[in-house]
1. Given the criteria farther than 26 Å from residue 203 by Cα and at pLDDT 95 or above, does residue 360 qualify?
2. Given the criterion touching a residue at least 60 places away in the same chain (Cβ under 8 Å), assigned to a loop (DSSP other than H, G, I, E, B), in contact with a helix residue (DSSP H, G or I) (Cβ under 8 Å, 6 or more places away or on another chain) and not assigned by TED's automatic domain parsing to the domain that holds residue 19, identify the matching residue among 112, 167.
3. With the condition kept exactly as written, say whether any residue in region 369-384 is modelled with pLDDT under 95, farther than 22 Å from residue 342 by Cα and over 27 Å from the mean Cα position of the chain (by Cα).
4. Across region 203-225, what is the total count of residues that are modelled with pLDDT of 95 or more and under 25 Å from residue 339 (Cβ atoms)?
5. Search region 374-403 for residues that are without any contact (Cβ under 8 Å) to a residue 12 or more places away in the chain and pair each with any residue that is surrounded by fewer than 24 Cβ atoms within 10 Å (Cβ to Cβ) when their beta-carbon atoms are under 9 Å apart and the residues are at least 6 apart or on different chains.
6. Does region 346-353 contain any residue that is assigned by TED's automatic domain parsing to the domain that holds residue 302, under 20 Å from the mean Cα position of the chain (by Cα) and buried (at least 16 other Cβ atoms within 10 Å of the Cβ)?
7. Test residue 248 against the stated conditions and say whether it is more than 22 Å from the chain's Cα centre (by Cα), outside the structural domain of residue 322 (by TED's automatic domain parsing) and surrounded by fewer than 17 Cβ atoms within 10 Å (Cβ to Cβ).
8. Please verify whether region 314-333 includes one or more residues that are touching a strand residue (DSSP E or B) at 6+ places or on another chain (Cβ under 6 Å), part of a loop (DSSP other than H, G, I, E, B) and either on the phi > 0 side of the Ramachandran plot or not assigned by TED's automatic domain parsing to the domain that holds residue 368 (or both).
């Protein structure tokens, strides 16, 4: 807490992470100024400044919300982000996970493997609860798994023990000035890490170097293994580590090569600290995280799948790879993050139906012309209803937007809840399929 002694403090932006920062500061009898564009309700004794000039902060220490670029803040003092501050002040073994896709799945797998392996593990960061609210619960002998976004990493190199990069593809180009800036933000996770876990299949892995690397790959690496590195890979239908077979790939519940890669990544991360039986148990029992390829309802033989977390074309491409195209109806579209949607053509070519809505619909419509049927709609309710009408028994209706949700919803969770609400209406007979 010495960092705050005799210093003035402000919070710029008042989202989830800064609300937890405020709670932490108040608990330690520090009363910051909250600067936010729109007025919000604050605890007693906390001053709020709500103006269009909220990015101008005169305080000695400024906590920025992750969604606010640090170069937009006019500050004379030190700019911090909750994640970097928390990791700096945790003495436990710290694992940081970043990447374009799979961060949440990999973080959850690592956390569960550690727990089942007998360790005390805390999961936080960009997933679930910010770590700052868990600081008083974390002991030195514990493990901490922190999911980290490029928004959090752009101006900091977090103090961690193992840095994990799942993969890299285009994302958040509405926020980052370029793809290169986005890659370099991700690369910051390696700067203070003692060990790195890197995806050897990623075309951008040349950007990520470290003296202590554990590689993972969907390909058999047994012929290239060097004593300088560690390797986790697939060989002859088995998960393998440094030449040793671990368990049969057919034993896992998750679908798609990308999920096999997620499991490989988690194994590569925890193998030094968790025995193989604990790893095998979690890998074979894990059925996925919420809003990621999650079957949520079956109506008249039609399975509805919530993959609302798919906020980029790359994620949707991976999701659709796990389904038979002739039985798949996909709902696409949402907020435009200034991404290219060209990569949607191949995964939607020959698909039974693509239903498109949202602010970026015109961009997506140009790239789903290979679908057997394309429908342009205005609302999610219309999209789900028409998808059900198009479907037959044995088909899958998949909410995989390839887009962020901010044009219609606060976040992907709210989009998923609306999807479920519409399905409950269908289940209750508000729409008759054969009418």
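1. Values: farther than 26 Å from residue 203 by Cα: yes; at pLDDT 95 or above: yes.
Taking the combined requirement at face value, the residue satisfies it.
2. Only one candidate passes the filter, namely 167.
3. Within region 369-384, none of the residues are modelled with pLDDT under 95, farther than 22 Å from residue 342 by Cα and over 27 Å from the mean Cα position of the chain (by Cα).
4. Going through region 203-225 one residue at a time, the tally reaches 1.
5. none
6. Filtering region 346-353 down to residues assigned by TED's automatic domain parsing to the domain that holds residue 302 leaves 346-353.
Next, only the ones that are under 20 Å from the mean Cα position of the chain (by Cα) stay: none.
Checked region 346-353: no residue is assigned by TED's automatic domain parsing to the domain that holds residue 302, under 20 Å from the mean Cα position of the chain (by Cα) and buried (at least 16 other Cβ atoms within 10 Å of the Cβ).
7. yes
8. yes
The values are calculated or read from the model by the stated rules, or taken from the named source; none is laboratory data. Just so we're clear, the structure is a prediction, and the values are computed from it rather than from any experiment. Reconstructed Cβ throughout: ideal geometry from the backbone, glycine too, with neighbour counts over all protein chains shown.
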